[in-house]
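The values are calculated or read from the model by the stated rules, or taken from the named source; none is laboratory data. Everything quoted here is computed from the prediction, not taken from an experiment. Please note: Cβ atoms are built from the backbone with ideal geometry, for glycine as well, and neighbour counts cover all protein chains shown.
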Amino acid sequence: MNGKWKLLALAALIAGCFANAQAAGNITKIEPNTATAVLQDGKATVKFTVSGTAEEGDNCGIYIEYGDGDSPDTRIINQKEGLFPRTFDHTFTKPGGFSVKANGQRVRQTFGCNGSASTFVTITAPAAQKAAAAAKAAEAAQKGAAAGKAAPAAPACPDGWQLASYNRNSGEFSCSAKAPAAKLACGPGTAYFEKGGTIGCRRGK
């Protein structure tokens, strides 16, 4: 009997330990203290709060991924290290939009919490940097417009003449007489001809 009771006690102890290892809280929400932050001296720090449900006996791990390539933050949720809500500070070093996620994952020997949550933050460049970029774009546009105005228009020939040649660099050009819309009506024994800008009727060969 003593051996039997010892086995039962050992089984109960193992079951209790396993239950404690598996006890997990639930992640319900993650919120930033601001949805938009401006880089100052190349940095912008945002505070994130992860909310959830957890009881005194719960023990689980969470990962916070910031979407900017930095390593995730990890925390254990329990009575000793802290239950929900938990806060995290993260410093972004470049502008852009970032999806920030709180996931339940194993941390060291602790199983992950249940659930996940996500939010989105926008990091913008400082106003001086934006103004410099806008000024640069305006300058480029002005240069493009000036270059377009500097290009000389093709010369116009007088009525009855057409442009024969034009040198854009030197401005030289020549005109030649336009051929009539309809050929001349030549008399009997002659035929219409065009040659070197000259038109007329001549006796056929």
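Condition check: within 30 Å of Ser51 (Cα to Cα) and at pLDDT 75 or above. Does Gln109 satisfy that?
So Gln109 passes the test.
Which residues, taken from segment 25-39, are in a loop (DSSP other than H, G, I, E, B) and surrounded by fewer than 19 Cβ atoms within 10 Å (Cβ to Cβ)?
Asn33, Thr34, Ala35, Leu39
Pull up segment 40-58, narrow it to residues that are under 18 Å from Asn103 (Cα atoms) and out of contact with any Lys or Arg (no Cβ under 7 Å at 6 or more places or on another chain), then point me to the one that is surrounded by the most Cβ atoms within 10 Å (Cβ to Cβ).
Restricting to residues being under 18 Å from Asn103 (Cα atoms) and out of contact with any Lys or Arg (no Cβ under 7 Å at 6 or more places or on another chain), the top hit is Gly52.
Yes or no: segment 90-101 includes at least one residue that is surrounded by 14 or more Cβ atoms within 10 Å (Cβ to Cβ), within 30 Å of Ala128 (Cβ to Cβ) and among the aliphatic types (A, V, I, L, M).
Yes, some residue in segment 90-101 is surrounded by 14 or more Cβ atoms within 10 Å (Cβ to Cβ), within 30 Å of Ala128 (Cβ to Cβ) and among the aliphatic types (A, V, I, L, M).
For segment 66-100, what are the residues that are assigned to a strand (DSSP E or B) and among the basic types (Lys, Arg)?
Passing the criteria: Arg75, Arg86.
Checking Ala154 against (1) modelled with pLDDT of 75 or more; (2) touching a Phe, Trp or Tyr at 6+ places or on another chain (Cβ under 9 Å); (3) more than 30 Å from Asp58 (Cβ to Cβ), which single condition isn't satisfied?
(1)
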